[in-house]
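Everything below concerns the one structure shown next.
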Amino acid sequence: MFEKLMATAVLPASDLGRARQWWHDVLGRDPVYEDTEGEALFYDIGGTMLMVYRSDFAGTAQNTAFNLVTESLDRDMTAMRTHGVVFHDYDLPGLKTVDGVAQMGEQRGAWFSDSEGNIIAIGEVSAQMWEMAAKLRASAAGMA
């Protein structure tokens, strides 16, 4: 069972043209594939396949829909701000942001919305966590 199983992340978009432009302008990504009916765009985001598909329900979830991990949160937040990204501020039990950034032990994170209202997280993890994640990815891909 599931011998040839793959998974992809998915994000809805009410306007695929606007979403395509946002992914290009803000994150510097272009689709690696577009379905023939033009209802879905596929991106390679750090080795994870992301499908952005047309839906009237885009941006209705109030939770983190996608997570990015970086080795330099400050650098990437600065770059994204130059493209108009506004980071969310939260003051919740167990989670408070200052200038858009939450400190969570050794990790730091921030949240923002894409052009379609989907909430995306970006986080900076410890060097040990980064190394472990790289090993797990290589192992899952059969490269370890």
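Does the chain come out rounded, prolate or oblate, given a ≥ b ≥ c as the square roots of the eigenvalues of its C-alpha gyration tensor, rounded meaning a/c under 1.5 and, failing that, prolate meaning a/b above b/c? It comes out oblate by the Cα gyration axes. Is it possible to state the helix-based mean residue ellipticity at 222 nm for the chain, with each DSSP H run of 4+ residues giving -39500 (n - 2.57), the sum divided by total residues, to the nearest 500 deg cm²/dmol? What is it? After summing the helix terms and dividing by residue count, I get -8000 deg cm²/dmol. In plain terms, the chain from Leu95 to Met6 could stretch by 28.8 nm, reckoned as 0.36 nm per residue minus the Cα-Cα distance.
Can you give me the % of accessible surface on the chain that is carbon or sulfur? Probe 1.4 Å, all protein chains present, nothing else counted. On the chain, the fraction of accessible area on carbon and sulfur atoms equals 55 percent. Between beta-carbons, use under 14 Å as the cut-off and find the net charge around Ala127, counting Lys and Arg +1, Asp and Glu -1. Surrounding charge for Ala127 is -2. Of the GluC sites (Glu not before Pro) found in the stretch 1-104, those in coil by DSSP whose Cβ has at most 16 other Cβ atoms within 10 Å are Glu3, Glu37, Glu39, Glu71.
DSSP bridge analysis restricted to the chain gives an antiparallel fraction near 65%, rounded to the nearest 5.
The Ala140 and Thr64 beta-carbon pair, evaluated with R₀ = 25 Å, returns a calculated FRET efficiency of approximately 0.70. Using a probe of 1.4 angstrom and keeping all protein chains present, the accessible surface of the chain works out to 63 square angstrom per residue.
The values are calculated or read from the model by the stated rules, or taken from the named source; none is laboratory data. Predicted model, so just to flag it, every value in this text is computed and none were measured. A quick note on method: Cβ atoms are made from the backbone with ideal geometry, for glycine too, and the neighbour counts reach across all protein chains shown. Ligands, DNA and RNA are excluded from the accessible area calculation, which covers all protein heavy atoms including side chains. Shrake-Rupley method; radii C 1.70, N 1.55, O 1.52, S 1.80 Å.
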